[in-house]
Amino acid sequence: MIRIERLAGEGYAVGTKWRETRKMMGKEATEDMWVTEVEAPSRTVVKANSHGMNYTSGFTLKPDATGTILEMYFSGESESTSRISKIFTAIFGRLGARVTRKFMAKDLEDIATKAERLAGK
């Protein structure tokens, strides 16, 4: 993560919006993201829209005998139904999935590190 800038809302609630800049494949990428669902303290959903794609990220916390399990899911859906768009997605979809998995793993690692620090571990 390079930087985060709050755009709307206070705290963390439906409607909270921010701009997030990361380094992706050697270049800076900036996306506006917003909270669409919150079921505190167990679930949240965040959306983004970029270059004709709608992205959804969800996080769920589940109690476990040894602590808490964090589950994350991610999906991307093209706004376009054109034949060219479908071909492009078929060709580059696998690369995008690999890159996405890498960033999801890093995000989960960062969340775990922060949670353990807050828990005093």
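The values are calculated or read from the model by the stated rules, or taken from the named source; none is laboratory data. Every value quoted in this text rests on a predicted model; they were computed, and no experiment measured them. Virtual Cβ from ideal backbone geometry, glycine too; neighbours counted across all protein chains shown. What goes into the accessible areas is simple: the full protein's heavy atoms, side chains included, and nothing from ligands, DNA or RNA. Shrake-Rupley method; radii C 1.70, N 1.55, O 1.52, S 1.80 Å.
Can you tell me which residue among Ala13, Ala8, Ala40, Ala29 is modelled with pLDDT under 95 and over 22 Å from Ser75 (Cβ atoms)?
On the way: Ala13 fails: modelled with pLDDT under 95; Ala8 fails: modelled with pLDDT under 95; Ala29 fails: over 22 Å from Ser75 (Cβ atoms).
The match here is Ala40.
In this structure, is Met1 in a loop (DSSP other than H, G, I, E, B), in contact with a strand residue (DSSP E or B) (Cβ under 9 Å, 6 or more places away or on another chain) and modelled with pLDDT under 95? Yes; evaluated as a whole, the condition is true for this residue. The set of residues in segment 93-115 that are open to solvent by 100 Å² or more (accessible area, probe 1.4 Å) and either under 21 Å from Arg43 (Cβ atoms) or modelled with pLDDT under 85 (or both) comprises Arg94, Arg98, Glu109, Lys114.
Results for (1) under 24 Å from Met1 (Cα atoms); (2) touching a Leu at 6+ places or on another chain (Cβ under 9 Å), shown as yes or no for each residue.
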{"site": "Val35", "(1), (2)": "yes, no"}
{"site": "Met53", "(1), (2)": "yes, no"}
{"site": "Lys62", "(1), (2)": "no, yes"}
{"site": "Tyr73", "(1), (2)": "yes, no"}
{"site": "Ser82", "(1), (2)": "no, no"}
{"site": "Ile87", "(1), (2)": "no, no"}
{"site": "Lys106", "(1), (2)": "yes, no"}
{"site": "Leu118", "(1), (2)": "yes, no"}
